[in-house]
Amino acid sequence: MRVNARIDLRIDPEPPDSQLVGELLERYYAELDSRFPSGFDLARTVAAPAAELTPPLGLMLVARLDARAVGCGGVRRLEANAAEIKRMWIDPSARGLGIGRRLLVALELAAAELGCDTVRLDTAATLTEARALYQGAGYGEIAAYNDNPYAAHWFEKRLA
């Protein structure tokens, strides 16, 4: 277990089509490819176009630990009052520091600023750490709301 009461963490908006976001997403996709039993093919997933992750429709966030980009996540409006979290990822070297939980909170706040009172997301069966994070943050499992072929679990949370 890592013990680090004080970390220098910043979570800031970043254009979803920036080089930095592209590099983070490539690392995320490479991890998915190594963890999914039959690999990962971006063309088969539910798309999150850059325009949908840009205000006023959505937002992309990047987490920086000691000024080093270590994670990202996006939020986009699905319906009038519901948003979806997409592509949330923390670099393995930065896991265990609470960054994922802080990024999730920031994404929820962004969803609320979009006027949404509900947040949804999906995750794969092999991403057990993600499921634990979402359940620990108050997300409840729901029926599938999309046709993501990699998803095995769909979650929803009402924002207070």
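Couple of notes before you dig in:
- Here the sum of -39500 (n - 2.57) over DSSP H runs of 4 or more residues, divided by the residues of the chain, equals -8000 deg cm²/dmol at 222 nm, to the nearest 500.
- Gyration tensor verdict on the stretch 1-70 (Cα atoms; rounded if a/c is under 1.5, prolate if a/b is larger than b/c, oblate otherwise): oblate
- Cα gyration tensor, the stretch 9-121 - rounded (a/c under 1.5), prolate or oblate: oblate
- Of the residues GLN135, LEU107, ALA83, the one whose Cα sits farthest towards the positive end of the charge dipole of the chain is GLN135 (charges of +1 on Lys and Arg Cβ, -1 on Asp and Glu Cβ, taken about the Cα centre).
- Computed over the stretch 18-71, relative contact order equals 24 percent, with contacts defined as Cα pairs under 8 Å that lie 6+ residues apart.
- GNM top mover of ASP91, ASP122, ASP41 - the chain, alpha-carbon springs below 10 Å: ASP41
- Under a model in which nothing but the beta-carbon of Lys, Arg (+1) and Asp, Glu (-1) is charged, the stretch 9-121 shows a dipole of about 280 debye around its Cα centre.
- Of PRO56, PRO92, PRO37, the one that fluctuates the most in a GNM where the chain has Cα springs shorter than 10 Å: PRO37
- For the stretch 68-129: rounded, prolate or oblate by the Cα gyration tensor [a/c cutoff 1.5]: prolate
- Over the chain, Cα pairs under 8 Å with separation of 6+ residues give a relative contact order of 21 percent.
Where a number appears in this text, it was derived from the coordinates with a stated rule and is not lab data. Worth saying up front: this structure is predicted, and the values here are computed from it rather than measured. Cβ: placed from backbone, ideal geometry, glycine included. Neighbour counts: every protein chain shown.
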